């Protein structure tokens with residue numbers, strides 16, 4: 001039997017293949033200018049951006065007033081194997097691991113397991129940097145606000161870790177600091193870092209299928225990275241990395257953002273500590289503890305992005321005054337372009 005197609009039938013077929021069953025919609029969405037957003041408009045925006053930027057796969061969720069009001073799982077896990085992204089597909093969160101770890105550390109500080117302003121060497125001496133006495137000044141607060149003096153990463157080939165300025169005096173983004181603080185927390189608790197974060201964050205917030213180290217579920221469902229439309233790697237770690245090692249998808253990470261938004265309305269809480277400005281990053285943008293704080297035309301925006309080897313990009317933002325936010329993960333290096341476009345869309349969409 002020959003199947004005849006028309007422009008309308010091809011359009012219906014495309015939407016079925018592109019969006020499939022991965023299309024839950026939960027509620028009304030409002031743009032930052034107060035206009036209602038048609039979900040079909042977001043779908044069309046996502047299609048255009050994925051086509052024009054050549055984004056292989058995307059996991060995205062939009063939050064409004066403490067609820068997920070829109071989510072999608074789109075595209076391909078691997079452009080060569082043609083396996084589709086779905087709501088089980090896990091992406092590398094990259095540096096969006098850092099806010100989750102910061103939340104954990106602050107929660108542990110409230111339990112008096114660690115003090116944010118006690119030098120870390122008193123808990124756990126660090127042989128990688130003990131040649132520089134200034135490391136004895138570094139505290140958890142400095143690590144979480146990127147004022148430790150460490151570089152982002154030491155050089156390759158067994159290069160020594162260095163301190164580039166007196167700790168606490170400047171801002172300089174550093175994954176090395178988070179890795180050191182992870183060792184401190186592991187030492188203080190006597191537990192695996194994944195177990196600590198599960199107990200302190202994932203379990204209380206009902207976050208499912210979020211992993212740091214290799215397991216069967218992760219191996220089955222993880223997306224493959226891409227750079228400029230070329231297939232890259234799947235990096236599954238054998239130990240936890242607090243600077244970049246989380247694997248998750250957008251709906252589950254959105255639960256963490258919802259918790260931050262809820263706490264932003266409380267007088268006391270973890271987010272109050274996270275969101276206190278620590279140091280200026282650039283005009284109108286400061287660093288809190290594990291989160292960026294920016295003064296925008298729509299009020300204060302809290303955010304953090306991620307980039308793992310230009311093969312996985314991610315970002316989250318939420319505007320406290322408007323109650324709107326979003327999170328996305330993609331398996332390619334087009335995050336900065338997509339973030340700019342999606343921010344513009346949320347600001348002005350109708």
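Being closer than 30 Å to residue 193 by Cβ, surrounded by fewer than 22 Cβ atoms within 10 Å (Cβ to Cβ) and modelled with pLDDT under 95 narrows it down to one of 66, 20, 27, 41, so name that one.
Just a single option satisfies the conditions, and that option is 66.
Here residue 224 meets the list (1) under 30 Å from residue 338 (Cβ atoms); (2) in contact (Cβ under 8 Å) with a residue 60 or more places away in the chain; (3) surrounded by fewer than 19 Cβ atoms within 10 Å (Cβ to Cβ) almost entirely, failing just condition (3).
Taking into account only those residues within the range 112-125 that are over 25 Å from the mean Cα position of the chain (by Cα) and farther than 17 Å from residue 168 by Cβ, which is surrounded by the most Cβ atoms within 10 Å (Cβ to Cβ)? Among those that are over 25 Å from the mean Cα position of the chain (by Cα) and farther than 17 Å from residue 168 by Cβ, it is 123. For the range 309-328, give me each residue that is surrounded by fewer than 21 Cβ atoms within 10 Å (Cβ to Cβ) and within 11 Å of the chain's Cα centre (by Cα). Scanning the range 309-328 gives no hits. The condition of being assigned to a helix (DSSP H, G or I), in contact with a helix residue (DSSP H, G or I) (Cβ under 7 Å, 6 or more places away or on another chain) and in contact (Cβ under 8 Å) with a residue 40 or more places away in the chain holds for residue 45. The criterion of being closer than 26 Å to residue 145 by Cβ and modelled with pLDDT under 95 holds for residue 264.
Scanning the range 138-159 for residues that are out of contact with any helix residue (DSSP H, G or I) (no Cβ under 6 Å at 6 or more places or on another chain) and surrounded by fewer than 18 Cβ atoms within 10 Å (Cβ to Cβ) turns up 154, 155, 156, 157, 158, 159. If you go through the range 282-314 and keep only what is at positive phi and in a strand (DSSP E or B), you end up with just 299.
Could you please let me know if residue 171 is touching a residue at least 40 places away in the same chain (Cβ under 8 Å), surrounded by fewer than 19 Cβ atoms within 10 Å (Cβ to Cβ) and in contact with a strand residue (DSSP E or B) (Cβ under 6 Å, 6 or more places away or on another chain)?
On the way: touching a residue at least 40 places away in the same chain (Cβ under 8 Å): yes; surrounded by fewer than 19 Cβ atoms within 10 Å (Cβ to Cβ): yes; in contact with a strand residue (DSSP E or B) (Cβ under 6 Å, 6 or more places away or on another chain): yes.
For residue 171, the condition - touching a residue at least 40 places away in the same chain (Cβ under 8 Å), surrounded by fewer than 19 Cβ atoms within 10 Å (Cβ to Cβ) and in contact with a strand residue (DSSP E or B) (Cβ under 6 Å, 6 or more places away or on another chain) - is met.
Considering (1) touching a helix residue (DSSP H, G or I) at 6+ places or on another chain (Cβ under 9 Å); (2) in contact (Cβ under 8 Å) with a residue 24 or more places away in the chain; (3) surrounded by fewer than 20 Cβ atoms within 10 Å (Cβ to Cβ); (4) on the phi > 0 side of the Ramachandran plot, the lone condition that residue 239 does not fulfil carries the number (4).
The values are calculated or read from the model by the stated rules, or taken from the named source; none is laboratory data. Source: prediction; values computed, not measured. Cβ: placed from backbone, ideal geometry, glycine included. Neighbour counts: every protein chain shown.
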